[in-house]
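Reading through the structure tokens given below for one structure.
The values are calculated or read from the model by the stated rules, or taken from the named source; none is laboratory data. Remember, predicted model here, so these are calculated numbers, not experimental data. Every residue, glycine among them, receives a Cβ derived from its backbone with ideal geometry; neighbour counts consider all protein chains shown. The area values use the complete protein model at the heavy-atom level, side chains included, leaving out ligands, DNA and RNA. Shrake-Rupley method; radii C 1.70, N 1.55, O 1.52, S 1.80 Å.
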Amino acid sequence: MKKETKKEQLSWKEAFLLNQRAIKIWWNLYPQVFLSDAAYQITSIFISYFTIWFSARIIEELTSSKDSRRLFSLILTLLTINFILGILNTICKRWHTVVNDMAYEKLDYYYNEKMLSMDFISMDHTHTHDLFSQIKQNANWSDWGLNKLLPLFGDMIKAIFGIFAAIALSWQLFVLPIPKQANQLLWMNHPLFHLLLLLLLFGAVLLSPAISNQAGKYWSKYAESARFGNRVFGFFGCMGYEQKRALDIRIYEQNSMCRNGMIKNNTFSTHSPIAQAARGNMGILFGTADAVNRIFTGCIYLFVCLKAWAGSFGIGTVTQYISAVTMLYENIASILLFLGQMRTNAPFLQTTFEFLDIPNTMYQGSLTIEKRNDYHYEIEFCHVSFQYPGTKEYALKDVNIKFQIGEKLAIVGENGSGKTTFIKLLCRLYDPTEGEIRLNGIDIRKYNYLEYISIFSIVFQDFKLLAFPLGQNVAVGINYQKKSIEDCLKKVGFDKRLHSMKDGVDTYLYKEFNKNGVEISGGEAQKIAIARALNKNTAFLILDEPTAALDAVAEYEIYTKFNEIVGECTAIYISHRLSSCRFCDKIIVFERGSICQQGSHKKLLTDPKGKYYTLWHTQAQYYETKKTPKSE
């Protein structure tokens, strides 16, 4: 079977439909961006139109009757119109600039909303992040994608109104006859000459943009290497600014590696493929298009000057007609360039829409979860198995377990044993491939999705805090009760540090947004994250390595007060440190995606053939004091 080759360019119809959808997105997102641009371009065209027309009249008057009153009237009128239009144009330009800057922020927000609203299984997929990375890199490369629509729209509006203005200024050029006394130039009145002139005009108009569009395809051709180059520069070029990398960069002198990484990538060097194309075919095409423009401009100068020399119109009108015909040619060419760039941009829009069209397939459910103050929510895994998308192996296989209300559970196992997958299924970040997870006897897929996940508080291993006030970080909101926040922080042992903070819970964390913000250690951040989970006050509390960044004393304090901290909720504790699991009611041991053991710490240690026994003694040997033989 012959391998299908990828189309290099989309059809005009496909390109039109893609750009039409892009315009609709922008209109729904921020219609002011079109209105402000149109106002700015239209006022700019009117300024050009009146300047050309009045300048021609002034020159005409200077070279003929030289009537001072008429000259004064023309100049005053031109200055008045330019003053009024100039103010309007400045206002519109300012409006356009502000709106344009806001538009790109709204576009970033639009992408982020899409990312956050999609099913977690889709957001967690590498292909999704690759698509999003391509979108950002295409924009960095040359504003391709949705970004391209804004300047293209401005160029189109300018071209359309410019064409009407140019026709209004130049139509008489083609109808004014050569006077009979200019015998040698009467042939210019012949209809065939006008036909040839129009053919020259449209030939140049079609040829130059066509050549430019052909050259412009090279931007699309080398877009993939440009995206990679941007990634390289974005990574190596910014490493030195990252605080988390600062120690490694200095101790191991990684700056030389960064420099070499940037030097070896020649995407934007004079030896890059796009630079070679610019010196070769791409440059020749752009140069040819420019040459066509200049030849046509020369022909227009010759034609207008010959008619003026023959006596068809005065010297002042020469400037009007030359400017107008040049404007007409340039704006028609701009329309064709716009169409070419619209087609070139279409493949980049395809990538954008592939990302935006990622569907949400997870059933959201409709049942309401009963709000219970006694936390009586019972969850059961019934023959649950799960395969990650695109894989044939089971991450979990036939898992059966029932959580007793208020129980304290520890989940242990080696890396890759299925612990994280188990938690993702429990919180319904994924749905099981086989089997059911039930809440109070009902399949969790039938419950309203947002209501279901609201019964969980989780401290992830890679949690994040924001550079906002401490209270807002714990409350995850602007409005909160200080006493409640302080109680949660006290439970996790953060009260001493809190008392040292001048502004208490109103103290900013970090210094990104406030110069008086405080820096906190990893252990302190972990305590704040636990306090945040407690403040949510949910039926289930999940702690993923919650004491990994704490020192031994702080860890001991958390363990001894664990029951007080978690209260009546069902707590699920994930850890690699088995010594920290002893305070739990039950320990669940995972191995190769299945539950191989479960029971209390004492019970599991009675089975020397069990996995927990092996894991426990493997870790315990590093804490036992080895006896040294007595010297003889």
Test for residue 133: is it of a type in the set (Ser, Thr, Tyr), under 24 Å from residue 53 (Cβ atoms) and part of a helix (DSSP H, G or I): no
Which condition does residue 10 not pass, out of (1) of a type outside the set (D, E, K, R); (2) assigned to a loop (DSSP other than H, G, I, E, B); (3) farther than 30 Å from residue 357 by Cβ, if it passes all the others? (3)
Among the residues of segment 419-435, how many are touching a Lys or Arg at 6+ places or on another chain (Cβ under 8 Å) and open to solvent by 10 Å² or more (accessible area, probe 1.4 Å)? 1
Of all residues in segment 82-135 being under 20 Å from residue 46 (Cα atoms) and among the hydroxyl-bearing types (Ser, Thr, Tyr), the one that is farthest from the chain's Cα centre (by Cα): 90
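Quick grid of which residues meet (1) buried (at least 16 other Cβ atoms within 10 Å of the Cβ); (2) free of Cβ contacts under 8 Å to residues at least 60 places away in the same chain:
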| position | (1), (2) |
| --- | --- |
| 26 | yes, no |
| 39 | yes, yes |
| 52 | yes, no |
| 62 | no, no |
| 82 | yes, yes |
| 85 | yes, yes |
| 92 | yes, yes |
Being part of a helix (DSSP H, G or I), more than 24 Å from residue 44 (Cα to Cα) and open to solvent by less than 30 Å² (accessible area, probe 1.4 Å) is the requirement here; does residue 138 meet it? yes
How many of the residues in segment 353-387 are among the β-branched types (Val, Ile, Thr), touching a Phe, Trp or Tyr at 6+ places or on another chain (Cβ under 9 Å) and not in a strand (DSSP E or B)? 2
Near pairs, Cβ below 6 angstrom, 6+ apart or cross-chain, from segment 379-392 (closer than 20 Å to residue 417 by Cβ) to any residue that is assigned to a loop (DSSP other than H, G, I, E, B) and not β-branched (Val, Ile, Thr): 384/432; 385/394; 386/395; 386/432; 387/394; 388/395
Looking at segment 162-176 only, could you name the residues that are surrounded by fewer than 20 Cβ atoms within 10 Å (Cβ to Cβ) and either in contact with a Leu (Cβ under 9 Å, 6 or more places away or on another chain) or in a helix (DSSP H, G or I) (or both)? 163, 164, 167, 168, 171, 172, 174, 175
Looking only at segment 476-495, which residues are over 15 Å from residue 564 (Cα atoms) and among the β-branched types (Val, Ile, Thr)? 476, 478, 485
Please verify whether segment 314-330 includes one or more residues that are at pLDDT 80 or above, under 22 Å from residue 215 (Cβ atoms), open to solvent by 50 Å² or more (accessible area, probe 1.4 Å) and in contact with a Lys or Arg (Cβ under 9 Å, 6 or more places away or on another chain). no
Complete set of residues in segment 436-453 that are within 31 Å of the chain's Cα centre (by Cα) and open to solvent by less than 30 Å² (accessible area, probe 1.4 Å): 452
How many of the residues making up segment 454-483 are touching a residue at least 24 places away in the same chain (Cβ under 8 Å) and open to solvent by less than 50 Å² (accessible area, probe 1.4 Å)? 15
Look at residue 398 and say whether it is of a type outside the set (Ser, Thr, Tyr), surrounded by fewer than 19 Cβ atoms within 10 Å (Cβ to Cβ) and at positive phi. yes
Give just the number: which of (1) over 30 Å from residue 578 (Cβ atoms); (2) out of contact with any Leu (no Cβ under 6 Å at 6 or more places or on another chain); (3) assigned to a loop (DSSP other than H, G, I, E, B) does residue 312 not satisfy? (2)
Scan (1) at pLDDT 90 or above; (2) open to solvent by less than 80 Å² (accessible area, probe 1.4 Å) for the single condition residue 76 breaks and write down its number. (2)
